Amino acid sequence: DGATANILGDSGGTFSFVGGDPGDGAVIDATTGEITLGTYDTVYNVMYTTGGACPSVTELPVTTLAKDNPLFELTATCDGATANILGDSGGTFSFVGGDPGDGAVIDATTGEITLGTYDTVYNVMYTTGGACPSVTELPVTTLAKDNPLFELTATCDGATANILGDSGGTFSFVDGDPVDGAVIDQNSGEITGGLYGTSYNVMYTTGGACPDFLELQVTTLNEEFSSFELTPTCDGATAVITGDQGGTFSFVGGNPGDGAVIDATTGEITLGTYDTVYNVMYTTGGACPSVTELPVTTLAKDNPLFELTATCDGATANIL
């Protein structure tokens with residue numbers, strides 16, 4: 001903020017600014033010549049006048065020191081930040097207001113912050129270490145933790161996945177591929193080739209700057225039960241579903257061609273032929289359909305054959 005003076009000639013003289021007060025607040029001590037309260041990197045012209053019988057005058061300029069440059073920048077990380085000094089190196093970094101109390105630490109030399117918390121603001125101060133120290137304060141907000149949230153929807157042989165958090169991550173089975181042939185698409189999370197009614201543990205790992213993971217379990221759907229039974233009639237059969245309701249009946253191989261018809265909902269066969277085999281298929285109508293085929297033989301037509309033997313007043317009958 002000025003200068004100090006050292007008299008090399010005759011002492012006892014007087015110091016002053018050449019041209020009077022510089023107008024920026026700087027003052028000079030008339031006896032010692034010390035200049036104070038001046039401005040960084042400024043020229044002051046000083047005059048020293050001896051005080052003896054034969055006074056003499058010397059004028060000298062002095063340029064005050066430049067203010068240190070404390071400029072720096074911070075780049076956020078997951079648990080803190082890294083610092084880059086853009087001004088004068090050799091200073092000291094610290095947290096504004098002291099330890100933040102969440103475990104974060106700062107390297108006084110490099111300014112690197114570590115062990116902090118996700119998505120948290122830290123205020124950092126850099127103080128230069130030169131002759132004219134200066135201070136800059138900057139805030140930095142650590143990166144937010146990736147969101148690995150996802151959901152699984154069971155299918156017959158696996159599941160489909162829906163990413164609810166940050167996309168672009170990777171799916172995998174927890175503990176490696178299962179031995180039942182199920183496979184998982186690492187990008188979409190879709191599981192295929194699995195077994196009915198089987199549980200699979202899936203992990204989704206995000207791919208961002210601050211990765212995180214989530215594990216979920218999914219149990220595949222059970223195979224539907226297509227069991228049914230047929231009771232023959234004279235021209236077909238009646239059906240009773242003993243498994244899952246809501247499926248569809250049909251003839252195996254299509255229409256038998258003899259006029260028989262089947263009710264797709266109830267499975268009843270009508271208009272068929274006596275003592276004839278019909279093959280019936282029942283297909284369930286749910287998410288994991290199953291098929292059962294059964295044959296049924298219609299009842300044989302009754303035999304009404306008989307004979308009559310005449311008598312004097314009528315006849316006798318013999319059922320053949």
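Quick notes on this one:
- Over the chain, Cα pairs under 8 Å with separation of 6+ residues give a relative contact order of 9 percent.
- Listed residues Leu308, Leu230 arranged by accessible area, highest first, probe 1.4 Å: Leu308, Leu230
- Considering only Asn201, Ser226, Leu305, the residue lying farthest towards the positive end of the dipole of the chain is Asn201, judged by Cα position with unit charges set on Cβ.
- Derived scalar couplings ³J(HN,Hα) [the range 180-195; Karplus, 6.51 cos²θ - 1.76 cosθ + 1.60; whole Hz; x for Gly, Pro]: 8, x, 5, 10, 10, 7, 5, 8, 9, x, 5, 9, 9, x, x, 9
- Scalar couplings 3J(HN,Hα) for the range 291-304, obtained by applying the Karplus form with A = 6.51, B = -1.76, C = 1.60 to θ = phi - 60°, are 10, 10, 10, 9, x, 9, 10, 5, 5, 6, 5, 4, 9, x Hz; x denotes Gly and Pro.
- Relative contact order (%) - criterion: Cα under 8 Å, at least six apart; region: the range 1-106: 21 percent
- Summarising the amide proton neighbourhood of Glu268: residues at separation of 5 or more, or on other chains, whose placed amide H is nearer than 5 Å comprise Ala239, Asp263.
- Virtual paramagnetic centre 7 Å along Cα→Cβ of Thr219, amide N under 18 Å, in the range 191-208: 194-202
- Around the amide H of Phe72, modelled in the peptide plane, lie the amide H atoms of Leu86, all under 5 Å away and 5 or more residues distant in sequence or on another chain.
- For Thr276, distant residues with modelled amide H under 5 Å away: Thr298
- Full-extension gain in nm, Asp185 to Asn303, via 0.36 nm per residue minus C-alpha separation: 35.8 nm
- Probe 1.4 Å - accessible area at Asp88, Å² to nearest ten: 60 Å²
- Derived scalar couplings ³J(HN,Hα) [the range 232-248; Karplus, 6.51 cos²θ - 1.76 cosθ + 1.60; whole Hz; x for Gly, Pro]: x, 10, 5, 10, x, 5, 10, 10, 10, 7, 9, x, 7, 6, x, x, 10
- Charge dipole magnitude, Cβ of K and R +1, D and E -1 - the range 17-88, Cα centre, debye nearest 20: 200 debye
- Mean projection area, nm², convex hull over Cα of the chain: 33.6 nm²
The values are calculated or read from the model by the stated rules, or taken from the named source; none is laboratory data. As the structure is a prediction and not an experimental result, all values here were calculated from the model. Cβ sites come from the backbone with ideal geometry, for glycine too, and all protein chains shown count toward neighbours. Protein only, heavy atoms only, side chains kept; ligands, DNA and RNA dropped before computing areas. Shrake-Rupley method; radii C 1.70, N 1.55, O 1.52, S 1.80 Å.
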